[in-house]
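Just below is one structure, and these are the notes that go with it.
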Amino acid sequence: QVQLVESGGGLVQAGGSLRLSCAASGRTFSSYLMGWFRQAPGKEREFVAAISWTVASTYYSDSMKGRFTISRDNAKNTVYLQMNSLKPEDTAVYYCAARRTGWSTLSGEYDYWGQGTQVTVSS
């Protein structure tokens, strides 16, 4: 069984920063792709960023590129999402997800999900 637990969400003013964490447990994640998605009320789940465990390759949604940074600490089995210059439209529930093999930006192709953490950006 794979468990993903997100933390670090909260309320922040526009222009501020937050760092989300995703602690992974239950399996060896050496080949897993780890991703962050978000879902705002009334909208579909949206890809944010992804990172491989082994070579630390990263990929970002164009709308987040330059403001968000995904990273990981293999020793802690933890993935991070540093979010800077936050905007009210970044308000959403942010989810961590894991995919066993290969790259994908599609939520339906990820195998494991966390429970989500709320990020609210006030104007």
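The values are calculated or read from the model by the stated rules, or taken from the named source; none is laboratory data. No experiment lies behind these values; they were computed from the predicted model shown. Cβ: placed from backbone, ideal geometry, glycine included. Neighbour counts: every protein chain shown.
If the condition is being among the aliphatic types (A, V, I, L, M) and loosely packed, with under 12 Cβ neighbours inside 10 Å, then region 10-26 contributes no residue at all. Across region 46-65, the qualifying residues are those that are under 12 Å from the mean Cα position of the chain (by Cα) and not β-branched (V, I, T), and the one among them that is modelled with the lowest pLDDT is M64. Can we say W103 is modelled with pLDDT under 95 and touching a helix residue (DSSP H, G or I) at 6+ places or on another chain (Cβ under 8 Å)? So W103 fails the test. If you check every pair at least six apart or on different chains, which have Cβ atoms under 7 Å apart with a residue in region 51-76 that is over 24 Å from S25 (Cα atoms) first and a residue that is surrounded by fewer than 14 Cβ atoms within 10 Å (Cβ to Cβ) and among the hydroxyl-bearing types (S, T, Y) second? These pairs meet every condition: R67/S85.
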